[in-house]
Amino acid sequence: MFKGKARAYTNIALIKYWGKKNEELILPMNNSLSLTLDAFYTETEVIFSDSYMVDEFYLDGTLQDEKATKKVIQFLDLFRKEAGLSLKASVISQNFVPTAAGLASSASGLAALAGACNTALKLGLDDLSLSRFARRGSGSACRSIFGGFVEWEKGHDDLSSYAKPVPSDSFEDDLAMVFVLINDQKKEVSSRNGMRRTVETSNFYQGWLDSVEGDLYQLKQAIKTKDFQLLGETMERNGLKMHGTTLAAQPPFTYWSPDSLKAMDAVRQLRKKGIPCYFTMDAGPNVKVLVENSHLSEVQETFTKLFSKEQVITAHAGPGIAIIE
Ligand code: DP6
């Protein structure tokens, strides 16, 4: 019997990963850059044993169906191949999310599973290799191996595509990210399907590719010089461009709901009042607001008034993956 357990935190991209050039290996079209956060994480234990006849996957205490388990099995297969064994496994995963707000993240989940498998099978993979493995489960998971600011180098093959920490002289410690949780009933287009449809059909996708490197350069400059305004403006612009590509897809779609627009507008109003804060969004209606700790209370106050207290969650920079004994 081989056993391992790990914890990984979720991350939010400031420069988005949007589109794959290789779907099987999960090689992205562009580099992305994220901030790992402390408020949401996953703990995963894996046990490989000859007493299991099939792989099983429990999430928050519930045995998962075939579809959810399939992704996990494919991921386990990568590790079984690396270790040269064929034992079936039980995966027990727990998401730590303040409310049941649809924030369960594949990034933290697959990063934690990668760490757990590495420990269980005594593979001794270093963090860069672990990041490559996590990437094969879900692209954004490769960034959750590290804490703070993290860049995913797109690379050109399996070996060259991985994430690494971005030197920041602890700039991230000055920052907070306020999550505005927006629950609409609309059935979401998964990030996987959304980015595929956009790459294949959106006339705006080339515009995304043409400008993302410039955005990345500016964002890294902002980190280097600890320039919050440049950081926020670049993040917001890049996120809006990503969401712009979806409107020209065939069929078109959007992740925005009326409440997302309400939250974006509130950010703009705060800026007009002299409070620097900026938003970004991912493949869903939630809005994430980046602010310096010195202005955090004004942002929290604004959003708890506009929405409910339960809908507003504050996160700070979080650590990389941890092995739990
Ligand atoms: C919009 O990592 O969930 O959050 O690689 O297909 O599993 P797969 O996609 P995923 O995509 C994340 C997309 C995003 C932007 C980002 O996190 O960079």
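Summary table below
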{"quantity": "Pairs with Cβ under 7 Å, 6+ apart, first in segment 231-250 and at pLDDT 95 or above, second basic (Lys, Arg) and surrounded by 24 or more Cβ atoms within 10 Å (Cβ to Cβ)", "calculated": "238/16; 239/16; 242/16"}
{"quantity": "Pairs, first under 20 Å from residue 40 (Cα atoms) in segment 296-315, second open to solvent by 40 Å² or more (accessible area, probe 1.4 Å), C-beta under 6 Å, six or more apart", "calculated": "310/99; 312/304; 313/98; 315/38"}
{"quantity": "Count of residues meeting criterion [within 11 Å of the ligand (Cβ to nearest atom) and assigned to a helix (DSSP H, G or I)] in segment 140-153", "calculated": "5"}
{"quantity": "The one condition in (1) within 21 Å of residue 30 (Cα to Cα); (2) over 21 Å from the mean Cα position of the chain (by Cα) that residue 271 fails to fulfil", "calculated": "(1)"}
{"quantity": "Flag if residue 119 is among the β-branched types (Val, Ile, Thr), away from the ligand (no atom under 15 Å from the Cβ), on the phi < 0 side of the Ramachandran plot and in contact (Cβ under 8 Å) with a residue 60 or more places away in the chain", "calculated": "yes"}
{"quantity": "Test: residue in segment 201-211 that is under 20 Å from residue 107 (Cβ atoms) and in contact with a helix residue (DSSP H, G or I) (Cβ under 9 Å, 6 or more places away or on another chain)", "calculated": "no"}
{"quantity": "Positions within segment 16-69 being among the charged types (D, E, K, R), within 16 Å of the ligand (Cβ to nearest atom), closer than 19 Å to residue 111 by Cβ and surrounded by fewer than 23 Cβ atoms within 10 Å (Cβ to Cβ), in sequence order", "calculated": "20"}
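The values are calculated or read from the model by the stated rules, or taken from the named source; none is laboratory data. Every value quoted in this text rests on a predicted model; they were computed, and no experiment measured them. Quick reminder, even Gly has a Cβ in these numbers, built from the backbone with ideal geometry, and neighbours come from all protein chains shown. SASA here: full protein model, heavy atoms, side chains in, ligands and nucleic acids out. Shrake-Rupley method; radii C 1.70, N 1.55, O 1.52, S 1.80 Å.
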